[in-house]
1. How much accessible area per residue does the range 106-244 have, in Å², with a 1.4 Å probe?
2. Quick one: net charge of Val323's neighbours, Cβ under 15 Å, K/R +1, D/E -1?
3. I need to check one value: relative contact order of the range 1-129, counting alpha carbon pairs closer than 8 Å and at least 6 residues apart, in percent.
4. Do any GluC sites (Glu not before Pro) in the range 30-78 lie in a loop, going by DSSP, with at most 11 other beta-carbon atoms within 10 Å of their beta carbon, and if so which?
5. Classify the range 264-418: rounded, prolate or oblate, from the alpha-carbon gyration tensor (a ≥ b ≥ c, eigenvalue square roots; a/c under 1.5 rounded; otherwise prolate if a/b is larger than b/c)?
6. If you place +1 on the Cβ of every Lys and Arg, -1 on the Cβ of every Asp and Glu, and leave all else neutral, what size is the dipole of the range 158-249 about its Cα centre, to the nearest 20 Debye?
7. Calculate, in whole percent, how much of the Cα-Cα pair population of the range 231-341 lies beyond 20 Å.
8. Considering only the other residues whose Cβ falls under 13 Å of the Cβ of Ile5, what net charge follows from Lys and Arg at +1 and Asp and Glu at -1?
Amino acid sequence: MDKFIIDGGEKLYGKVEIQSAKNTVLPLLAASVLTDEQVKIRGVPTIADVENMLRILTELGCKIQRKKEYSVIDSSNAVSHEIPPRLTRELRSSVFMLGSVLTRFRRAKISYPGGCDIGLRPIDLHLSGLKRLGVEITEEGGYIDCKADKLVGTEILLDFPSVGATENIILAAVKAEGFTVIRNAAKEPEIVDLQNFLNAMGAKVRGAGGGTVLIEGVKRLHGVDYTPIGDRIEAGTYLIAAASCGGEIETDGVPPENIAALLHKLRENGCKIHTKNDKIVLQSNGRLKAVDLVETMPFPGFPTDMQAQYSTLCCTAQGTTLVVENLFETRYKYAGELKRMGADITVRGRTAVIRGVERLHGAQVTAGDLRGGAALVLAALKAEGQSTVIDLSHIDRGYADFEYKLKKLGATIRRVHI
Ligand code: UD1
């Protein structure tokens, strides 16, 4: 089990290259079984979630070529419709495989998925959407078994704009007979990227990003060479780090409109932000004023995946911030760890009241989930003295080269293998 040892107090300066978005790459990898031809995806980050998804594809019979610049998936010899339970437990996004594996084999079997322990995370919307497309689903002994003699286009209204359910339904509908309409679809940039990827393979999907997605089923999809969008959550994490610690950094690879809600808050906090194309430059003197309220929402609202990192910044801002987490019910587990560093946080259900303190101090803390873990690293960078962040397995699921990128910005951080 690895740990980070961090000496806090440095300002951060420099440029960060942003990796391809984890939350795009995972559904694109799932989508790669929709064709017999080769799928080339560029800039696939070296993170545990991606490696697990590649392992799932390998176990289904796909051949993978993994290079630094790109990965090639060849599913022409894929034989299995059973997603291995061992890997499903590691990776919640394996549930996206249902839609694409069903399209490919007319059958898909998966055990209930795992991932970050940040709440109940049901998959009822995924399953009811698939049923509407003609899929017969039986659930037994922790397994979900899906069968469809044929998939037929239909109209689906999601009760909530779930990202994963929208993606899964698109993947199941892309070669279905006729038209499928998804209303109240998620609008996240990752959905738009999935649409662009599928259309580059010959699919007919439109409307992504606007709440209603229209899919006209096609007979076949072909190979593709694709560069996914940059990771807005990764970019946001570095921007929050620099906002909190002070300094000046530039992120390259994420359009500002993809993290507009965060940039808006950071400006209110007192940061200076300039943007040009996919570049964001942030300057901060490290003495921020608190905003009154931050509430997580589906896109284009404030992302739940940035709530923990942003809450860390609130810990030393002048004033009190009310944080409301509307997406996942138990996403404040990091708060107890932040208190060990001197933060003043009261959590009640979905709400946290964060009263800014003068300074945080170094402590030994444990990373319990991906974004909460990243938040603890940011808190340690800001704190006086030395901190140890234990158990990097969650952080490694989503951030490639985290410590190298932070070191390049001037942070004092090292990884120790225990
Ligand atoms: C995706 C992201 C995750 C992000 C989340 C919200 C990936 C790999 N993960 O997760 O990083 O935090 O979007 O932006 O892209 N829900 C149901 N029933 C369902 C599905 C979801 O009730 O069948 C609820 C969830 O409990 C949650 C809300 O809908 O409260 C949003 O979840 P969803 O958008 O589906 O998140 P994920 O796709 O799991």
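The values are calculated or read from the model by the stated rules, or taken from the named source; none is laboratory data. Bear in mind that the values here come from a model prediction, so they are computed numbers and not experimental data. Counting neighbours? That spans all protein chains shown, and the Cβs are built from the backbone with ideal geometry, glycine included. Surface areas here come from the heavy atoms of the whole protein model, side chains and all, with no ligands, DNA or RNA. Shrake-Rupley method; radii C 1.70, N 1.55, O 1.52, S 1.80 Å.
1. On the way: 5370 Å² over 139 residues.
That works out to 39 Å² for each residue.
2. Taking every other residue near Val323 into account, the sum is +1.
3. 22 percent
4. In loop regions of the range 30-78 (DSSP not H, G, I, E or B), the sparsely surrounded GluC sites (Glu not before Pro) are Glu69.
5. It is rounded, given that a/c, with a ≥ b ≥ c, falls under 1.5.
6. 460 debye
7. Percentage above 20 Å: 36.
8. That sum, taken over residues with Cβ under 13 Å, equals +1.
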